[in-house]
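Right, one structure below, let's go through it.
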Amino acid sequence: MIVIADSGSTKTDWCIGNSQTDYRIVQTPGINPFYLSTKEISRQITENLFPQLTEKDTVTELYFYGAGCTPEKACIVADALTECFPHAHVAVESDLSGAARALCGHTKGIACILGTGSNSCEYDGEKIVSNVSPLGYILGDEGSGAVLGKRLVGDCLKKQLPPDLCELLLKEYELTPALILDKVYRQPLTNRFLASLTPFLSAHRQRTEIHALLLSCFTDFFERNVMLYEYAGCPVHFIGSIAWHFRAEVKEAADALGIQVGKIIKSPMEGLINYHFRI
């Protein structure tokens, strides 16, 4: 029995199965070693996963891909999984490794994540060989939901957008300039607040000003990340909700720079299932 996990801070999807056609997906709360200890992760698995996993003693391989699973933190998750699945071979990798394997399989390519945050890497078909640090939404994360939202409210408050669009944004989200500043500078989870505004961009993407904003943000992503790799003649693949919902604008920005876009998918699990059940 093989188990594959795709985990963020909010939720974890677990694939339990024997083949590409014989598996099931269950869900538990997210596991991020930046916020949880080995003991807390073990307890969470015992309380949330085991009741859904009657065949836990037959698990022989477990592949865990997660946010926060840096080389320094991966052992926190690995120790918990080894404790919970003592008979299994356990491997813990970053969510970026998961994206690369889901998107590229065993083929060379550039793998990118565009969600609330953004990230990218150059992948040689087996491992990540280069990674431009994303730096978070204040210093980087170009093309992410947080940066799209930051640009939107910044343009609104600095009167770079037509008055009707600004009024519509404030009304739709029940915001005021003072409330925006409070949410950005005083309240927690600013990145999630900013990313929550991206449906407005999607709804008004035909407006000239919104279209220009989207192209500018995705162009920044390519210029400040992808173009620092050996990308010529190499497909650039994407995973994540922002890449999926704004795939037309992502492709338009790429075409203008002569960059070849490959796959654009919403989540990695299907690709990870193909990767692990074919090796």
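The values are calculated or read from the model by the stated rules, or taken from the named source; none is laboratory data. If you're wondering where the values come from, they're calculated on a predicted model, not measured in any experiment. A quick note on method: Cβ atoms are made from the backbone with ideal geometry, for glycine too, and the neighbour counts reach across all protein chains shown. Accessible surface is based on the protein model in full, side chains and every heavy atom, while ligands, DNA and RNA are left aside. Shrake-Rupley method; radii C 1.70, N 1.55, O 1.52, S 1.80 Å.
Of a type outside the set (Phe, Trp, Tyr) and open to solvent by 70 Å² or more (accessible area, probe 1.4 Å), is that true of Glu93? So Glu93 does not fit the description; no. Pairing residues of the stretch 247-270 that are charged (D, E, K, R) with residues that are buried (at least 19 other Cβ atoms within 10 Å of the Cβ) and part of a helix (DSSP H, G or I), at Cβ distances under 7 Å and at least 6 apart in sequence or on separate chains, gives Glu249/Leu214; Glu249/Phe218; Lys263/Leu103. Just one of (1) assigned to a loop (DSSP other than H, G, I, E, B); (2) open to solvent by 20 Å² or more (accessible area, probe 1.4 Å); (3) closer than 20 Å to His211 by Cα fails for His106. It is (3). Note on the stretch 133-146: residues that are open to solvent by less than 30 Å² (accessible area, probe 1.4 Å) and either modelled with pLDDT of 95 or more or in a loop (DSSP other than H, G, I, E, B) (or both) amount to 5.
Listed by first and then second residue, the pairs with beta-carbon distance under 7 Å, at least 6 apart or on different chains, first residue in the stretch 70-88 and in contact (Cβ under 8 Å) with a residue 12 or more places away in the chain, second crowded, with 19+ Cβ neighbours inside 10 Å and among the polar types (S, T, N, Q), are Thr70/Ser94. Looking at Ile210, Ile242, Ile180, just one residue is of a type in the set (Val, Ile, Thr), open to solvent by less than 20 Å² (accessible area, probe 1.4 Å), closer than 26 Å to Gly8 by Cα and part of a helix (DSSP H, G or I), and that residue is Ile242. Residues in the stretch 218-235: is at least one under 30 Å from Gln27 (Cα atoms), in contact (Cβ under 8 Å) with a residue 40 or more places away in the chain and not in a loop (DSSP other than H, G, I, E, B)? No, the conditions are met nowhere in the stretch 218-235.
The set of residues in the stretch 1-54 that are out of contact with any Cys (no Cβ under 9 Å at 6 or more places or on another chain), open to solvent by less than 20 Å² (accessible area, probe 1.4 Å) and of a type in the set (S, T, N, Q) comprises Thr12, Thr28. In the stretch 183-197, which residue that is open to solvent by 100 Å² or more (accessible area, probe 1.4 Å) and part of a helix (DSSP H, G or I) is nearest to Thr116 (Cα to Cα)? Result: Arg192.
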